[in-house]
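The structure under discussion appears below in the form of structure tokens.
The values are calculated or read from the model by the stated rules, or taken from the named source; none is laboratory data. Because the structure is predicted, anything quoted here is derived from the model rather than measured. For neighbour counting, all protein chains shown are included, and Cβ atoms are generated from backbone atoms with ideal geometry for every residue, glycine included. Only protein heavy atoms, including side chains, enter the accessible area calculation; ligands, DNA and RNA are left aside. Shrake-Rupley method; radii C 1.70, N 1.55, O 1.52, S 1.80 Å.
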Amino acid sequence: MKEKIMRILGIIPARYGSSRFPGKPLIDLKGKTMIQRVVEGAAKSSLLTDLIVATDDQRIVEAVESFGGKVQMTDSKHPTGTDRCAEIVRSLADNYDVVINIQGDEPLVDARQLDQLLQAFTNPEVQIATLASRKIEMEDILNPNRIKVIVDKNQNALYFSRSPIPNFANAKGEPLEIYPFLRHIGLYAYRSEVLLQLSELEETHLEKIESLEQLRWLYNGYKIQVVETEIETPNIDTPEDVEKVLNLL
């Protein structure tokens with residue numbers, strides 16, 4: 001990949017032992033494994049300096065090497081993709097300004113979405129950046145599996161929740177008509193030094209009760225810039241999700 005003024009590393013965490021779909025990085029999607037499709041899609045980003053798969057399984061290592069991708073083994077005990085990314089950063093001799101954690105279960109990853117997020121780091125004050133969308137229905141607001149986020153006037157996250165935020169119990173009128181609700185899209189990028197600091201933080205009661213890792217960062221005073229996007233790609237979380245992706249390939 002071409003050398004950029006700002007050195008940016010893309011990391012794709014890929015675990016073999018998913019509880020809901022074991023082995024999913026290696027499923028066949030019309031002649032290519034899912035991990036190959038993610039790597040090839042992410043590599044189209046105009047801002048990435050380098051791209052590497054972080055895995056805990058030799059089968060994934062061999063699959064990535066077979067199509068010429070970069071891959072590195074990491075500890076199988078990492079609780080989050082953030083921790084897996086931090087291990088990669090610590091192990092590399094090269095230095096990178098920014099690291100983007102690319103989801104390994106989105107075979108239709110759109111490089112334009114990655115670039116939208118990475119553009120946030122042209123502002124030297126941005127520590128962490130993530131994505132959100134205004135495409136949200138009342139069903140999403142009430143669904144605990146759809147994460148909501150509220151932001152301040154500078155587009156920094158104030159809070160993330162599985163509950164409807166802000167609460168509209170006292171709203172006069174239709175909630176979606178009187179407040180611009182935001183649905184979180186779980187793609188993150190970090191300054192390299194910030195990523196390493198995040199991996200050293202202890203779990204908090206707040207993140208445990210919501211089961212949202214990013215609340216640990218907010219609790220400890222880190223700022224998360226929220227970038228709005230209209231680009232979304234489907235992920236494969238369970239075997240039932242495969243058919244919808246195959247129809248889009």
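Ranked by accessible surface with a 1.4 Å probe, highest first, in what order do Lys77, Lys153, Lys223 come?
Output order, biggest surface exposure first: Lys153, Lys77, Lys223.
Straight-line reach from Lys77: which aspartates and glutamates have a Cα under 18 Å away, not including same-chain ones fewer than 8 places off?
Partners within reach: Asp56, Asp57, Glu87, Glu200, Glu202, Glu203, Glu213.
What is the Cα centroid distance between the stretch 1-76 and the stretch 113-173, reported in whole angstrom?
The stretch 1-76 and the stretch 113-173 have Cα centres separated by 27 Å.
Hey, what angle do you get for helix 81-91 against the long axis of the chain, alpha-carbon based, 0 to 90 degrees rounded to 10?
Relative to the chain, helix 81-91 is tipped by roughly 50 degrees.
Report the residue, chosen from Val53, Val126, Val38, that carries the largest GNM mean-square fluctuation when the chain is represented by alpha-carbon nodes joined by springs under 10 Å.
Evaluated over the chain, the most mobile residue of the options is Val126.
Convert each backbone phi in the stretch 196-202 into a coupling constant with the Karplus relation 6.51 cos²θ - 1.76 cosθ + 1.60 (shift: θ = phi - 60°), then list the ³J(HN,Hα) values in order as whole Hz, x for Gly and Pro.
5, 5, 4, 5, 9, 6, 7
What does the accessible area of His184 come to, in Å² to the nearest 10, when a probe of 1.4 Å is used?
For His184, the solvent-accessible surface is approximately 20 Å².
Using Cα pairs closer than 8 Å and at least 6 residues apart in sequence, work out the relative contact order for the chain, in percent.
23 percent
Which lysines have a Cα less than 26 Å from the Cα of Lys148, not counting those fewer than 8 places away in the same chain?
Counting by Cα, and skipping residues close in sequence, Lys148 has these lysines nearby: Lys135, Lys172, Lys208, Lys223, Lys244.
Between exposed GluC sites (Glu not before Pro) in the chain, where DSSP calls loop and at most 12 other Cβ atoms lie within 10 Å, what's the longest gap?
4-124
Quote the FRET efficiency, to the nearest 0.05, computed for Lys70 versus Lys172 with a Förster distance R0 of 51 Å and r equal to the Cβ-Cβ distance.
Efficiency, from the Cβ-Cβ distance: 0.40.
Antiparallel as a % of all DSSP beta bridges within the chain, to the nearest 5?
Percent antiparallel among DSSP bridges in the chain is about 50.
Under 1.5 on a/c is rounded, so check that first for the stretch 155-249, then, if it is not, pick prolate when a/b is larger than b/c and oblate when it is not; a ≥ b ≥ c are the square roots of the alpha carbon gyration tensor eigenvalues.
oblate
What number comes out for the charge environment of Leu182, summing +1 per Lys or Arg and -1 per Asp or Glu over other residues with Cβ under 9 Å away?
+2
Asp140 versus Ala93, label points 7 Å from Cα toward the beta carbon: distance in nm?
4.5 nm
Most fluctuating residue of Pro25, Pro234, Pro79 in a GNM of the chain with Cα springs under 10 Å: which is it?
With Cα springs under 10 Å in the chain, the top fluctuation among Pro25, Pro234, Pro79 is at Pro79.
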